[in-house]
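The values are calculated or read from the model by the stated rules, or taken from the named source; none is laboratory data. Computed from a predicted model, the values in this text were never measured in an experiment. Don't worry about glycine lacking a Cβ; one is built from the backbone with ideal geometry, like all the others, and counts go over all protein chains shown.
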Amino acid sequence: MAEQTLNIPQLLAVLVVGFLAIRWYFFSAPSSTPAASGQQHARHHPPGRSVNPAHVDQLTQMFPQLDRRSVMWDLQRNGGNVAATTERVLAGRGLDA
């Protein structure tokens, strides 16, 4: 039988594809990744579910200049993570309408 060797480019390709496959399998999330502190909370609220009205009230009381609809949209996008929405507002990035 012929001796088979594994060269470095093949090894690197296998490692990269394996890493990406594992990362996709374990960490597939909505398009906006929640902050590390709220990741556990975001897993309990998939993007398709309704938003908790108490969270919307809390954010609109903290930031009266924000529109309730924008707050609800951002909470739905990030899985109901209030901390991520608060960080977005405090960083000055604004909320998408």
Legend entry - Single unsatisfied condition, Pro9 versus (1) under 17 Å from the mean Cα position of the chain (by Cα); (2) assigned to a helix (DSSP H, G or I); (3) at pLDDT below 90: (1)
Legend entry - Residues within region 72-84 that are β-branched (Val, Ile, Thr) and at pLDDT below 90, tallied: 0
Inset, instruction - Go through region 81-97 and give me each residue that's in a loop (DSSP other than H, G, I, E, B) and touching a Pro at 6+ places or on another chain (Cβ under 9 Å). - result: Asn81
